[in-house]
Amino acid sequence: MMLIHDYGALFLRGLAVTIALSVVSWILAFVVGIVLTVVRMTRVKLLEWTVTAFIEYERNVPPLVHIFLWYFGVSGLLPQGLQDWANANHGEYCFAAIAIALYYGAYIAEDIRSGLRSIPQGQHAAARAVGLSYMASMRWIILPQALRTAIPPLVSGSVLLVKTTSLAMVVGALELTYVTKDIASKTFKTFEAYGISTALYVLLAFTLLMLGAWLARRVRIPGR
Amino acid sequence: MKYPAKALMSVALLAGALGHQVASADQLADVKARGTLVCGVLGAFEPFGYTDPASRAVVGYDVDICNAIARRLGVKAEIKPVSIEARIPELQQGRMDLLAAGLGYSAARAEQVDFSHGYYVSEHKLSVRADKGYAKRDDLAGKRVSFTKGGITEGFVKSSVPTAVMVGFEDTPTAFTALAQGKVDAFSVSEVVARRLIGKLGANASQFKVVDPAVGKETWGLGVKKGEAGMLKSVNDALQAMEASGEAQEIFDKWVGAKSTYETKRSFKIEPIKG
(Lines give C-alpha, C1' and ligand atoms only; values in the text may rest on other atoms or scores of the structure.)
Protein backbone atom coordinates (compact mmCIF):
# COMPACT_ATOMS: atom_id res chain seq x y z
CA MET A 1 0.00 0.00 0.00
CA MET A 2 1.35 3.39 -1.04
CA LEU A 3 0.04 5.05 2.10
CA ILE A 4 2.15 2.83 4.39
CA HIS A 5 5.20 3.41 2.21
CA ASP A 6 4.82 7.21 2.22
CA TYR A 7 3.37 7.80 5.66
CA GLY A 8 4.29 4.68 7.66
CA ALA A 9 6.89 6.54 9.70
CA LEU A 10 4.39 9.28 10.49
CA PHE A 11 1.80 6.72 11.64
CA LEU A 12 4.40 5.08 13.89
CA ARG A 13 5.36 8.45 15.36
CA GLY A 14 1.69 9.10 16.12
CA LEU A 15 1.40 5.65 17.67
CA ALA A 16 4.47 6.31 19.83
CA VAL A 17 2.93 9.56 21.11
CA THR A 18 -0.37 7.78 21.80
CA ILE A 19 1.46 5.10 23.78
CA ALA A 20 3.54 7.64 25.70
CA LEU A 21 0.49 9.78 26.48
CA SER A 22 -1.44 6.66 27.56
CA VAL A 23 1.32 5.40 29.83
CA VAL A 24 1.84 8.76 31.54
CA SER A 25 -1.92 9.34 31.95
CA TRP A 26 -2.42 5.78 33.18
CA ILE A 27 0.26 6.05 35.88
CA LEU A 28 -1.10 9.44 36.99
CA ALA A 29 -4.66 8.08 36.92
CA PHE A 30 -3.67 5.17 39.15
CA VAL A 31 -2.02 7.49 41.64
CA VAL A 32 -5.13 9.69 41.63
CA GLY A 33 -7.41 6.66 42.01
CA ILE A 34 -5.44 5.24 44.94
CA VAL A 35 -5.24 8.62 46.68
CA LEU A 36 -9.01 9.09 46.29
CA THR A 37 -9.68 5.59 47.65
CA VAL A 38 -7.40 6.09 50.65
CA VAL A 39 -8.87 9.51 51.43
CA ARG A 40 -12.37 8.07 51.24
CA MET A 41 -11.41 5.30 53.67
CA THR A 42 -10.41 7.79 56.37
CA ARG A 43 -14.06 7.89 57.53
CA VAL A 44 -13.84 11.69 57.90
CA LYS A 45 -17.20 12.87 56.56
CA LEU A 46 -15.94 16.14 55.04
CA LEU A 47 -13.15 14.34 53.16
CA GLU A 48 -15.53 11.62 51.99
CA TRP A 49 -17.92 14.21 50.61
CA THR A 50 -15.11 16.08 48.87
CA VAL A 51 -13.95 12.87 47.19
CA THR A 52 -17.50 11.96 46.13
CA ALA A 53 -18.08 15.46 44.73
CA PHE A 54 -14.79 15.35 42.83
CA ILE A 55 -15.52 11.89 41.40
CA GLU A 56 -19.02 12.89 40.30
CA TYR A 57 -17.67 16.07 38.68
CA GLU A 58 -15.02 14.14 36.78
CA ARG A 59 -17.38 11.38 35.70
CA ASN A 60 -20.22 13.64 34.60
CA VAL A 61 -18.28 16.06 32.42
CA PRO A 62 -17.10 14.81 29.00
CA PRO A 63 -13.33 14.23 28.74
CA LEU A 64 -13.14 16.61 25.76
CA VAL A 65 -14.39 19.43 27.97
CA HIS A 66 -11.84 18.50 30.64
CA ILE A 67 -9.03 18.72 28.09
CA PHE A 68 -10.16 22.14 26.83
CA LEU A 69 -10.63 23.33 30.39
CA TRP A 70 -7.12 22.31 31.41
CA TYR A 71 -5.41 23.55 28.26
CA PHE A 72 -7.18 26.89 27.86
CA GLY A 73 -8.62 27.43 31.33
CA VAL A 74 -6.57 26.11 34.21
CA SER A 75 -3.28 26.78 32.43
CA GLY A 76 -4.13 30.51 32.50
CA LEU A 77 -4.28 30.48 36.31
CA LEU A 78 -0.68 29.31 36.64
CA PRO A 79 2.14 31.76 37.42
CA GLN A 80 3.40 33.50 34.26
CA GLY A 81 6.82 31.82 34.42
CA LEU A 82 5.27 28.36 34.53
CA GLN A 83 2.89 29.27 31.68
CA ASP A 84 5.78 30.43 29.49
CA TRP A 85 7.66 27.24 30.28
CA ALA A 86 4.64 25.09 29.40
CA ASN A 87 4.05 27.05 26.18
CA ALA A 88 7.65 26.61 25.12
CA ASN A 89 7.72 22.89 26.03
CA HIS A 90 4.62 21.42 24.45
CA GLY A 91 2.21 22.12 27.28
CA GLU A 92 -0.51 20.43 25.23
CA TYR A 93 0.81 17.00 26.23
CA CYS A 94 1.09 17.86 29.93
CA PHE A 95 -2.38 19.39 30.21
CA ALA A 96 -4.02 16.64 28.16
CA ALA A 97 -2.34 13.99 30.34
CA ILE A 98 -3.51 15.73 33.52
CA ALA A 99 -7.09 16.05 32.25
CA ILE A 100 -7.23 12.40 31.15
CA ALA A 101 -5.56 11.18 34.36
CA LEU A 102 -8.04 12.99 36.62
CA TYR A 103 -10.95 11.72 34.56
CA TYR A 104 -9.87 8.07 34.71
CA GLY A 105 -8.55 8.47 38.26
CA ALA A 106 -12.17 8.97 39.30
CA TYR A 107 -13.19 5.79 37.48
CA ILE A 108 -10.30 3.82 38.98
CA ALA A 109 -11.32 4.97 42.47
CA GLU A 110 -14.84 3.71 41.78
CA ASP A 111 -13.53 0.39 40.42
CA ILE A 112 -11.42 -0.20 43.52
CA ARG A 113 -14.37 0.77 45.72
CA SER A 114 -16.64 -1.73 43.99
CA GLY A 115 -13.95 -4.36 44.57
CA LEU A 116 -13.83 -3.46 48.26
CA ARG A 117 -17.60 -3.58 48.54
CA SER A 118 -17.65 -7.08 47.08
CA ILE A 119 -15.97 -8.42 50.21
CA PRO A 120 -18.57 -9.16 52.91
CA GLN A 121 -18.27 -7.18 56.15
CA GLY A 122 -18.10 -10.49 58.00
CA GLN A 123 -14.59 -11.13 56.70
CA HIS A 124 -13.41 -7.89 58.19
CA ALA A 125 -15.02 -8.74 61.51
CA ALA A 126 -13.52 -12.23 61.40
CA ALA A 127 -10.07 -10.84 60.66
CA ARG A 128 -10.31 -8.45 63.60
CA ALA A 129 -11.59 -11.31 65.79
CA VAL A 130 -8.50 -13.43 65.17
CA GLY A 131 -6.37 -10.49 66.28
CA LEU A 132 -5.35 -8.70 63.05
CA SER A 133 -5.17 -4.90 63.22
CA TYR A 134 -7.23 -2.76 60.79
CA MET A 135 -4.22 -2.28 58.50
CA ALA A 136 -3.24 -5.93 58.68
CA SER A 137 -6.74 -7.15 57.88
CA MET A 138 -6.77 -4.77 54.90
CA ARG A 139 -3.33 -5.90 53.77
CA TRP A 140 -3.79 -9.66 54.20
CA ILE A 141 -7.53 -10.33 53.91
CA ILE A 142 -9.52 -7.61 52.20
CA LEU A 143 -7.29 -5.96 49.55
CA PRO A 144 -5.93 -9.18 47.99
CA GLN A 145 -9.49 -10.26 47.23
CA ALA A 146 -10.83 -6.79 46.39
CA LEU A 147 -8.09 -6.00 43.87
CA ARG A 148 -8.65 -9.32 42.11
CA THR A 149 -12.34 -8.48 41.73
CA ALA A 150 -11.38 -5.06 40.41
CA ILE A 151 -9.08 -6.36 37.65
CA PRO A 152 -11.69 -6.71 34.86
CA PRO A 153 -13.15 -3.17 35.26
CA LEU A 154 -9.64 -1.75 35.62
CA VAL A 155 -8.54 -3.41 32.38
CA SER A 156 -11.55 -2.12 30.46
CA GLY A 157 -10.96 1.32 32.00
CA SER A 158 -7.37 1.19 30.74
CA VAL A 159 -8.54 0.43 27.21
CA LEU A 160 -10.96 3.36 27.45
CA LEU A 161 -8.10 5.57 28.62
CA VAL A 162 -6.00 4.65 25.58
CA LYS A 163 -8.89 5.54 23.30
CA THR A 164 -9.52 8.80 25.14
CA THR A 165 -5.97 10.00 24.41
CA SER A 166 -7.23 10.53 20.84
CA LEU A 167 -9.09 13.58 22.16
CA ALA A 168 -5.77 15.27 22.90
CA MET A 169 -5.58 16.12 19.20
CA VAL A 170 -7.98 19.02 19.82
CA VAL A 171 -5.22 20.91 21.61
CA GLY A 172 -2.60 20.03 19.00
CA ALA A 173 -1.02 16.91 20.51
CA LEU A 174 0.48 14.99 17.59
CA GLU A 175 -0.92 11.58 18.54
CA LEU A 176 -2.28 8.82 16.32
CA THR A 177 -5.67 10.35 15.54
CA TYR A 178 -4.15 13.77 14.78
CA VAL A 179 -1.69 12.12 12.41
CA THR A 180 -4.47 10.07 10.80
CA LYS A 181 -6.66 13.11 10.20
CA ASP A 182 -3.66 14.98 8.87
CA ILE A 183 -2.74 12.21 6.42
CA ALA A 184 -6.38 11.76 5.38
CA SER A 185 -6.73 15.46 4.61
CA LYS A 186 -3.41 15.53 2.73
CA THR A 187 -3.99 12.45 0.59
CA PHE A 188 -7.81 12.31 0.59
CA LYS A 189 -7.44 8.58 1.24
CA THR A 190 -9.82 8.79 4.18
CA PHE A 191 -10.77 5.13 4.28
CA GLU A 192 -7.22 3.80 4.07
CA ALA A 193 -5.85 6.27 6.63
CA TYR A 194 -8.54 5.52 9.19
CA GLY A 195 -8.26 1.82 8.36
CA ILE A 196 -4.60 1.84 9.33
CA SER A 197 -5.22 3.75 12.55
CA THR A 198 -8.12 1.42 13.40
CA ALA A 199 -5.77 -1.54 13.08
CA LEU A 200 -3.20 0.17 15.30
CA TYR A 201 -5.77 1.02 17.99
CA VAL A 202 -7.15 -2.54 17.90
CA LEU A 203 -3.62 -3.86 18.29
CA LEU A 204 -3.06 -1.63 21.32
CA ALA A 205 -6.39 -2.47 22.95
CA PHE A 206 -5.97 -6.18 22.26
CA THR A 207 -2.50 -6.20 23.82
CA LEU A 208 -3.94 -4.53 26.91
CA LEU A 209 -6.83 -7.01 27.13
CA MET A 210 -4.36 -9.90 26.76
CA LEU A 211 -2.17 -8.45 29.52
CA GLY A 212 -5.25 -8.09 31.72
CA ALA A 213 -6.32 -11.68 31.06
CA TRP A 214 -2.81 -12.89 31.82
CA LEU A 215 -2.72 -10.92 35.06
CA ALA A 216 -6.15 -12.21 36.13
CA ARG A 217 -5.02 -15.79 35.43
CA ARG A 218 -1.77 -15.33 37.26
CA VAL A 219 -3.30 -14.01 40.47
CA ARG A 220 -6.37 -16.23 40.39
CA ILE A 221 -7.15 -17.95 43.69
CA PRO A 222 -7.13 -21.71 42.98
CA GLY A 223 -10.53 -23.28 43.22
CA ARG A 224 -12.50 -20.12 42.44
CA MET B 1 -23.98 -23.32 3.39
CA LYS B 2 -27.28 -21.56 3.85
CA TYR B 3 -26.01 -18.87 6.18
CA PRO B 4 -23.04 -17.58 4.10
CA ALA B 5 -25.25 -17.42 1.04
CA LYS B 6 -27.74 -15.23 2.87
CA ALA B 7 -24.97 -13.00 4.20
CA LEU B 8 -23.54 -12.62 0.72
CA MET B 9 -26.92 -11.69 -0.66
CA SER B 10 -27.51 -9.00 1.97
CA VAL B 11 -24.08 -7.55 1.28
CA ALA B 12 -24.90 -7.45 -2.41
CA LEU B 13 -28.23 -5.73 -1.67
CA LEU B 14 -26.50 -3.21 0.56
CA ALA B 15 -23.89 -2.46 -2.10
CA GLY B 16 -26.70 -2.01 -4.62
CA ALA B 17 -28.52 0.42 -2.33
CA LEU B 18 -25.37 2.44 -1.68
CA GLY B 19 -24.33 2.50 -5.30
CA HIS B 20 -27.71 3.70 -6.45
CA GLN B 21 -27.24 7.43 -5.99
CA VAL B 22 -24.00 7.48 -8.00
CA ALA B 23 -25.68 6.10 -11.09
CA SER B 24 -26.48 9.37 -12.83
CA ALA B 25 -25.55 10.12 -16.40
CA ASP B 26 -24.84 13.82 -16.60
CA GLN B 27 -24.82 16.06 -13.54
CA LEU B 28 -25.72 19.23 -15.44
CA ALA B 29 -28.79 17.57 -16.94
CA ASP B 30 -29.74 16.28 -13.47
CA VAL B 31 -29.40 19.75 -11.96
CA LYS B 32 -31.55 21.31 -14.66
CA ALA B 33 -34.18 18.58 -14.37
CA ARG B 34 -34.25 18.93 -10.60
CA GLY B 35 -34.34 22.73 -10.76
CA THR B 36 -31.87 23.09 -7.89
CA LEU B 37 -28.11 23.40 -7.72
CA VAL B 38 -26.95 21.90 -4.42
CA CYS B 39 -24.06 24.03 -3.28
CA GLY B 40 -21.69 23.10 -0.44
CA VAL B 41 -20.62 26.13 1.59
CA LEU B 42 -18.60 26.32 4.80
CA GLY B 43 -21.10 27.11 7.52
CA ALA B 44 -18.89 29.00 9.97
CA PHE B 45 -16.51 30.92 7.74
CA GLU B 46 -17.30 34.61 7.91
CA PRO B 47 -17.53 36.49 5.56
CA PHE B 48 -17.59 33.69 2.95
CA GLY B 49 -20.26 31.44 4.42
CA TYR B 50 -21.86 31.90 7.84
CA THR B 51 -25.25 32.01 9.52
CA ASP B 52 -26.67 35.50 9.65
CA PRO B 53 -27.99 35.91 13.21
CA ALA B 54 -30.95 38.02 12.04
CA SER B 55 -32.28 35.86 9.21
CA ARG B 56 -30.87 32.49 10.39
CA ALA B 57 -29.90 31.83 6.77
CA VAL B 58 -26.39 31.01 5.55
CA VAL B 59 -25.03 34.09 3.79
CA GLY B 60 -21.67 35.32 2.48
CA TYR B 61 -19.36 35.73 -0.50
CA ASP B 62 -19.47 32.04 -1.42
CA VAL B 63 -23.26 31.97 -1.06
CA ASP B 64 -23.67 34.95 -3.40
CA ILE B 65 -21.36 33.33 -5.94
CA CYS B 66 -23.49 30.15 -5.79
CA ASN B 67 -26.71 32.08 -6.20
CA ALA B 68 -25.32 34.02 -9.17
CA ILE B 69 -24.20 30.82 -10.89
CA ALA B 70 -27.50 29.05 -10.20
CA ARG B 71 -29.37 32.01 -11.65
CA ARG B 72 -27.29 31.81 -14.82
CA LEU B 73 -27.99 28.07 -15.07
CA GLY B 74 -31.69 28.85 -14.72
CA VAL B 75 -32.10 26.96 -11.44
CA LYS B 76 -32.37 27.71 -7.72
CA ALA B 77 -29.36 27.32 -5.44
CA GLU B 78 -29.75 25.11 -2.41
CA ILE B 79 -27.09 26.03 0.15
CA LYS B 80 -25.77 23.12 2.20
CA PRO B 81 -23.23 23.75 4.97
CA VAL B 82 -20.18 21.44 4.94
CA SER B 83 -17.14 21.03 7.16
CA ILE B 84 -13.60 21.62 5.89
CA GLU B 85 -12.66 17.95 6.20
CA ALA B 86 -15.84 16.58 4.66
CA ARG B 87 -16.18 18.96 1.73
CA ILE B 88 -14.21 16.95 -0.85
CA PRO B 89 -15.66 13.51 0.08
CA GLU B 90 -19.18 15.00 0.04
CA LEU B 91 -18.65 16.32 -3.48
CA GLN B 92 -17.10 13.05 -4.65
CA GLN B 93 -20.00 11.05 -3.26
CA GLY B 94 -22.44 13.22 -5.17
CA ARG B 95 -24.16 14.73 -2.14
CA MET B 96 -23.66 18.16 -3.69
CA ASP B 97 -23.17 19.53 -7.20
CA LEU B 98 -20.80 22.40 -6.54
CA LEU B 99 -18.40 23.33 -3.75
CA ALA B 100 -18.04 27.02 -2.94
CA ALA B 101 -16.24 26.34 0.28
CA GLY B 102 -13.05 28.39 0.30
CA LEU B 103 -11.42 25.64 -1.74
CA GLY B 104 -7.87 26.77 -2.47
CA TYR B 105 -6.19 25.28 -5.53
CA SER B 106 -3.47 22.69 -5.04
CA ALA B 107 -2.16 20.00 -7.36
CA ALA B 108 -3.15 17.27 -4.90
CA ARG B 109 -6.71 18.60 -4.66
CA ALA B 110 -6.92 18.95 -8.43
CA GLU B 111 -6.47 15.16 -8.63
CA GLN B 112 -9.56 14.74 -6.48
CA VAL B 113 -11.90 17.39 -7.86
CA ASP B 114 -12.04 19.62 -10.93
CA PHE B 115 -11.46 23.30 -10.26
CA SER B 116 -13.41 26.07 -11.97
CA HIS B 117 -11.78 29.39 -12.82
CA GLY B 118 -10.37 31.17 -9.80
CA TYR B 119 -13.06 33.33 -8.20
CA TYR B 120 -11.10 34.64 -5.21
CA VAL B 121 -7.44 35.04 -4.27
CA SER B 122 -6.60 34.78 -0.61
CA GLU B 123 -3.29 35.83 0.95
CA HIS B 124 -2.21 34.02 4.09
CA LYS B 125 -0.33 36.01 6.72
CA LEU B 126 0.96 35.49 10.24
CA SER B 127 -0.77 37.25 13.14
CA VAL B 128 1.29 37.97 16.25
CA ARG B 129 0.88 39.66 19.62
CA ALA B 130 2.00 43.26 19.19
CA ASP B 131 3.99 43.22 22.46
CA LYS B 132 6.28 40.35 21.44
CA GLY B 133 8.41 42.41 19.06
CA TYR B 134 7.86 40.48 15.85
CA ALA B 135 8.01 42.91 12.93
CA LYS B 136 8.10 40.69 9.85
CA ARG B 137 7.38 37.16 8.76
CA ASP B 138 10.93 35.86 9.06
CA ASP B 139 11.17 36.89 12.73
CA LEU B 140 9.03 33.85 13.44
CA ALA B 141 11.76 31.37 12.46
CA GLY B 142 11.94 28.59 15.06
CA LYS B 143 8.80 29.84 16.83
CA ARG B 144 5.51 28.06 17.46
CA VAL B 145 2.82 28.77 14.87
CA SER B 146 -0.82 27.67 15.22
CA PHE B 147 -3.05 26.85 12.27
CA THR B 148 -6.36 25.18 11.48
CA LYS B 149 -6.05 21.55 10.47
CA GLY B 150 -7.23 20.43 7.07
CA GLY B 151 -6.50 23.73 5.38
CA ILE B 152 -3.79 24.89 3.03
CA THR B 153 -2.00 27.29 5.37
CA GLU B 154 0.17 24.61 7.01
CA GLY B 155 2.05 24.03 3.77
CA PHE B 156 2.58 27.78 3.23
CA VAL B 157 4.24 28.20 6.62
CA LYS B 158 6.34 25.07 6.17
CA SER B 159 7.76 26.38 2.89
CA SER B 160 8.17 30.07 3.80
CA VAL B 161 9.25 29.64 7.45
CA PRO B 162 10.62 26.07 7.42
CA THR B 163 11.94 26.15 10.99
CA ALA B 164 8.59 27.08 12.56
CA VAL B 165 7.07 24.54 14.97
CA MET B 166 3.54 23.84 13.74
CA VAL B 167 0.67 23.35 16.20
CA GLY B 168 -2.64 22.33 14.61
CA PHE B 169 -6.11 22.93 16.01
CA GLU B 170 -9.58 21.74 15.03
CA ASP B 171 -11.04 25.14 14.24
CA THR B 172 -9.93 28.70 13.60
CA PRO B 173 -11.22 30.32 16.82
CA THR B 174 -9.32 27.73 18.89
CA ALA B 175 -6.12 28.29 16.91
CA PHE B 176 -6.53 32.04 17.45
CA THR B 177 -7.20 31.55 21.19
CA ALA B 178 -3.88 29.71 21.36
CA LEU B 179 -2.20 32.90 20.06
CA ALA B 180 -4.23 35.17 22.35
CA GLN B 181 -3.17 33.10 25.38
CA GLY B 182 0.46 33.07 24.28
CA LYS B 183 0.47 29.31 23.74
CA VAL B 184 1.95 29.97 20.32
CA ASP B 185 3.92 32.91 18.93
CA ALA B 186 2.00 33.34 15.70
CA PHE B 187 -1.16 32.21 14.02
CA SER B 188 -1.31 31.58 10.31
CA VAL B 189 -4.52 32.17 8.39
CA SER B 190 -5.82 34.13 5.44
CA GLU B 191 -5.64 37.89 5.95
CA VAL B 192 -9.42 38.37 5.83
CA VAL B 193 -9.98 35.86 8.59
CA ALA B 194 -7.13 37.29 10.68
CA ARG B 195 -8.53 40.83 10.40
CA ARG B 196 -12.03 39.63 11.28
CA LEU B 197 -10.84 37.78 14.40
CA ILE B 198 -8.72 40.70 15.56
CA GLY B 199 -11.54 43.15 14.77
CA LYS B 200 -13.91 41.17 16.98
CA LEU B 201 -11.75 41.93 20.01
CA GLY B 202 -12.85 45.58 19.92
CA ALA B 203 -10.72 47.61 22.31
CA ASN B 204 -8.15 44.81 22.60
CA ALA B 205 -7.60 44.66 18.84
CA SER B 206 -4.43 46.76 19.11
CA GLN B 207 -2.76 43.93 21.05
CA PHE B 208 -2.45 42.01 17.79
CA LYS B 209 -1.03 42.72 14.39
CA VAL B 210 -0.64 41.04 11.03
CA VAL B 211 2.93 40.86 9.74
CA ASP B 212 4.13 41.03 6.13
CA PRO B 213 5.05 39.53 3.74
CA ALA B 214 2.41 36.88 3.17
CA VAL B 215 3.42 33.26 3.83
CA GLY B 216 1.60 32.29 0.67
CA LYS B 217 -1.44 32.91 -1.41
CA GLU B 218 -4.08 30.62 -2.76
CA THR B 219 -6.54 30.92 -5.58
CA TRP B 220 -9.97 29.61 -4.79
CA GLY B 221 -11.92 27.68 -7.37
CA LEU B 222 -15.34 26.16 -7.24
CA GLY B 223 -15.12 22.40 -6.84
CA VAL B 224 -16.85 20.25 -9.46
CA LYS B 225 -16.97 16.46 -9.37
CA LYS B 226 -14.37 14.80 -11.62
CA GLY B 227 -15.56 13.88 -15.08
CA GLU B 228 -18.48 16.30 -15.22
CA ALA B 229 -17.23 18.35 -18.18
CA GLY B 230 -20.65 19.84 -18.98
CA MET B 231 -21.08 21.09 -15.45
CA LEU B 232 -17.55 22.53 -15.33
CA LYS B 233 -17.99 24.40 -18.59
CA SER B 234 -21.29 26.03 -17.67
CA VAL B 235 -19.93 27.03 -14.26
CA ASN B 236 -16.90 28.66 -15.93
CA ASP B 237 -19.11 30.43 -18.47
CA ALA B 238 -21.28 31.75 -15.64
CA LEU B 239 -18.21 32.98 -13.74
CA GLN B 240 -16.85 34.77 -16.79
CA ALA B 241 -20.21 36.42 -17.44
CA MET B 242 -20.20 37.61 -13.81
CA GLU B 243 -16.75 39.16 -14.28
CA ALA B 244 -17.83 40.89 -17.49
CA SER B 245 -21.06 42.28 -16.03
CA GLY B 246 -19.33 43.60 -12.90
CA GLU B 247 -21.37 41.33 -10.64
CA ALA B 248 -18.23 39.59 -9.40
CA GLN B 249 -16.78 42.98 -8.38
CA GLU B 250 -20.02 43.84 -6.58
CA ILE B 251 -19.98 40.62 -4.58
CA PHE B 252 -16.34 41.29 -3.67
CA ASP B 253 -17.04 44.86 -2.54
CA LYS B 254 -20.04 43.77 -0.51
CA TRP B 255 -18.31 41.08 1.53
CA VAL B 256 -14.56 41.77 1.68
CA GLY B 257 -13.99 45.01 -0.23
CA ALA B 258 -14.78 48.69 0.21
CA LYS B 259 -18.31 48.20 1.55
CA SER B 260 -17.20 45.70 4.21
CA THR B 261 -15.19 46.12 7.41
CA TYR B 262 -12.23 44.30 5.80
CA GLU B 263 -11.56 46.90 3.11
CA THR B 264 -9.27 44.66 1.10
CA LYS B 265 -8.46 45.45 -2.55
CA ARG B 266 -9.42 43.21 -5.43
CA SER B 267 -6.10 42.41 -7.07
CA PHE B 268 -7.40 39.60 -9.27
CA LYS B 269 -9.79 38.89 -12.10
CA ILE B 270 -11.80 35.71 -12.60
CA GLU B 271 -9.61 33.60 -14.88
CA PRO B 272 -8.42 30.01 -15.33
CA ILE B 273 -6.17 28.90 -12.46
CA LYS B 274 -2.56 28.46 -13.49
CA GLY B 275 -1.58 25.17 -11.89
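Just a few scattered comments:
- In the range B:219-235, the residues that are farther than 21 Å from residue B:79 by Cβ and crowded, with 16+ Cβ neighbours inside 10 Å: B:219
- Residue in the range A:185-193 that is farther than 29 Å from residue B:144 by Cβ, part of a helix (DSSP H, G or I) and acidic (Asp, Glu) present: yes
- Residue check, residue B:179 more than 23 Å from residue B:61 (Cβ to Cβ), within 12 Å of chain A (Cβ to nearest Cβ) and surrounded by 22 or more Cβ atoms within 10 Å (Cβ to Cβ): yes
- Failed condition for residue B:115, given (1) within 13 Å of chain A (Cβ to nearest Cβ); (2) touching a residue at least 40 places away in the same chain (Cβ under 8 Å); (3) of a type in the set (A, V, I, L, M, F, W, C): (1)
- Candidates A:118, A:158, A:114 - the one that is buried (at least 17 other Cβ atoms within 10 Å of the Cβ), in contact (Cβ under 8 Å) with a residue 12 or more places away in the chain and small (Gly, Ala, Ser): A:158
- Cβ-Cβ distances below 6 Å connect the following pairs, each with a first residue in the range B:57-83 that is free of Cβ contacts under 8 Å to residues at least 60 places away in the same chain and assigned by TED's automatic domain parsing to the domain that holds residue B:246, a second residue that is among the charged types (D, E, K, R) and in a helix (DSSP H, G or I), and a separation of six or more residues or different chains: B:82/B:90.
- Strands (runs of 3 or more DSSP E) wholly inside the range B:20-86 containing at least 2 residues that are β-branched (Val, Ile, Thr): B:36-42, B:76-82
- Filter result for residue A:42 (of a type in the set (Ser, Thr, Tyr), at negative phi and not in a helix (DSSP H, G or I)): yes
- All helices (runs of 4 or more DSSP H) inside the range A:76-129 with 1 or more residues being within 12 Å of chain B (Cβ to nearest Cβ) and closer than 25 Å to residue A:20 by Cα: A:80-88, A:91-117
- Among (1) closer than 19 Å to residue B:82 by Cβ; (2) assigned to a strand (DSSP E or B); (3) away from chain A (no Cβ under 14 Å), the one test that residue B:193 misses: (2)
- With respect to the conditions (1) surrounded by fewer than 22 Cβ atoms within 10 Å (Cβ to Cβ); (2) closer than 20 Å to residue B:190 by Cβ, residue B:90 lacks only one, and its number is (2).
- For residue B:69, the test of being surrounded by 20 or more Cβ atoms within 10 Å (Cβ to Cβ) and under 28 Å from residue A:187 (Cα atoms) is failed.
- Scope the range B:216-273; condition without any contact (Cβ under 8 Å) to a residue 24 or more places away in the chain and on the phi < 0 side of the Ramachandran plot; matching residues: B:229, B:233, B:244, B:245, B:249, B:250, B:253, B:257, B:258, B:259, B:265, B:266
- Residue that is farthest from the other protein chains (Cβ to nearest Cβ) [pool: residues in the range B:64-97 that are under 12 Å from the mean Cα position of the chain (by Cα) and closer than 21 Å to residue B:47 by Cβ]: B:81
- In the set B:185, B:131, only one residue is within 22 Å of residue A:73 (Cβ to Cβ) and over 24 Å from the mean Cα position of the chain (by Cα); that residue is B:185.
- Lone unmet requirement of (1) within 13 Å of chain A (Cβ to nearest Cβ); (2) surrounded by fewer than 21 Cβ atoms within 10 Å (Cβ to Cβ) for residue B:159: (1)
- Qualifying residue in the range B:140-148 (condition: in contact with a Phe, Trp or Tyr (Cβ under 9 Å, 6 or more places away or on another chain), in contact (Cβ under 8 Å) with a residue 60 or more places away in the chain and either over 27 Å from residue A:175 (Cα atoms) or within 14 Å of chain A (Cβ to nearest Cβ) (or both)): yes
- For the range A:45-57, the condition holds for no residue, the condition being that it is within 14 Å of chain B (Cβ to nearest Cβ), surrounded by fewer than 21 Cβ atoms within 10 Å (Cβ to Cβ) and part of a helix (DSSP H, G or I).
- Only one entry in A:151, A:141 is assigned to a helix (DSSP H, G or I), free of Cβ contacts under 8 Å to residues at least 24 places away in the same chain, closer than 30 Å to residue A:119 by Cβ and more than 14 Å from chain B (Cβ to nearest Cβ), namely A:141.
- Residue match in the range A:164-174 (condition: away from chain B (no Cβ under 14 Å) and either in contact (Cβ under 8 Å) with a residue 12 or more places away in the chain or in a helix (DSSP H, G or I) (or both)): yes
- If only residues of the range A:1-22 that are modelled with pLDDT under 90 and of a type in the set (A, V, I, L, M, F, W, C) are counted, the one that is nearest to residue A:199 (Cα to Cα) is A:4.
The values are calculated or read from the model by the stated rules, or taken from the named source; none is laboratory data. Computed from a predicted model, the values in this text were never measured in an experiment. Counting neighbours? That spans all protein chains shown, and the Cβs are built from the backbone with ideal geometry, glycine included.
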